[in-house]
1. From the list A220, A226, A233, which one is closer than 17 Å to E98 by Cβ and surrounded by fewer than 18 Cβ atoms within 10 Å (Cβ to Cβ)?
2. Can you tell me which residue is farthest from A99 (Cα to Cα) among those in the range 169-191 that are free of Cβ contacts under 8 Å to residues at least 40 places away in the same chain, in contact with a helix residue (DSSP H, G or I) (Cβ under 8 Å, 6 or more places away or on another chain) and of a type outside the set (A, V, I, L, M, F, W, C)?
3. Across the range 51-101, what is the number of residues that are at pLDDT below 95, among the acidic types (D, E) and open to solvent by less than 80 Å² (accessible area, probe 1.4 Å)?
4. Restricting to the range 192-241, what's the tally of residues that are over 18 Å from G262 (Cα atoms) and in contact (Cβ under 8 Å) with a residue 60 or more places away in the chain?
5. Conditions first: (1) assigned to a helix (DSSP H, G or I); (2) more than 30 Å from E237 (Cα to Cα); (3) open to solvent by less than 80 Å² (accessible area, probe 1.4 Å). A210 passes all but one, so which condition is the exception?
6. Spot the failing condition for D244; the list is (1) in a loop (DSSP other than H, G, I, E, B); (2) surrounded by 18 or more Cβ atoms within 10 Å (Cβ to Cβ); (3) modelled with pLDDT under 95, and only one is missed.
Amino acid sequence: MSASFENLLYDLDAASGILTITINRPTKLNALNAATIADIDAAVQQALAEPQVRGIILTGSGEKAFVAGADIAELAALTPERAGRASLAGQEAFARIEASTKPVVAAVNGFALGGGCELAMACHMRVASDNARFGQPEVNLGLPPGYGGTQRLPQLIGKGKAIELLLTADMVKADEALRLGLVNHVVPQAELLPFCTQLLNKILGKAPLAVGLVLDCVNAHYTKGADGYETEARAFERAFESEDFKEGTTAFVEKRPAVFTGK
């Protein structure tokens, strides 16, 4: 399956069920404009609706940038009211990535600044190439982050360090991002996509329903008004009704690999 988007490449490996979404604005270092955010949102929604898609890799084209930030020329032309709407649109698009019950891995292949860092943080896991750089430089433009950066960065690396990076606009290298907990792994650039594919294949060998329930439960901890423990209990109950639970326990007793169907 291949879908067409103005600013994205959308490629599904039918054998594995892994979809690779590549932000494809190389002459702009994959900077996010409104059209690109709309494309990302549409691509993710399509992927979530497609049974063939089991996991998603999100990356950028070229070897310099995942997403180098927002399209500054477009930003500068916004009125305050339009800027508020743009912020909400970006937050909603990134929230759909975070809420996905199919695992999403950011393959960060270079600069992930501003909206690029925010996009990577919305993914469930982040794998960085060794030349990657992360940062929220919005204060250099007289702005705070607008796509969730002030919320997700503290969740990932802690409040004090997050405030420091948000206020200084400092960039961090891949190895520092790993030390802080901003990324899960750092690999050479040539190994980035193969590593992400291997990671997803490992996850996709587990029970699909259980994987989705785990993501729901973790997200509930960060959702206003949600009770994460209650969500976990209900998820545990739901899993007990599944065919995958019966298959998993039977396979364990019979000492054989489980064959999960997602039912």
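The values are calculated or read from the model by the stated rules, or taken from the named source; none is laboratory data. Please read all numbers here as calculations on a predicted model, not as lab measurements. Here the Cβ positions follow ideal geometry from the backbone for every residue, glycine too, while neighbour counts run over all protein chains shown. Calculation scope for accessible area: heavy atoms of the full protein, side chains included, ligands and nucleic acids excluded. Shrake-Rupley method; radii C 1.70, N 1.55, O 1.52, S 1.80 Å.
1. The unique qualifying residue is A226.
2. D170
3. Total meeting the criteria: 2.
4. Summing the residues that are over 18 Å from G262 (Cα atoms) and in contact (Cβ under 8 Å) with a residue 60 or more places away in the chain in the range 192-241 gives 8.
5. Result: A210 fails condition (2) only.
6. (1)
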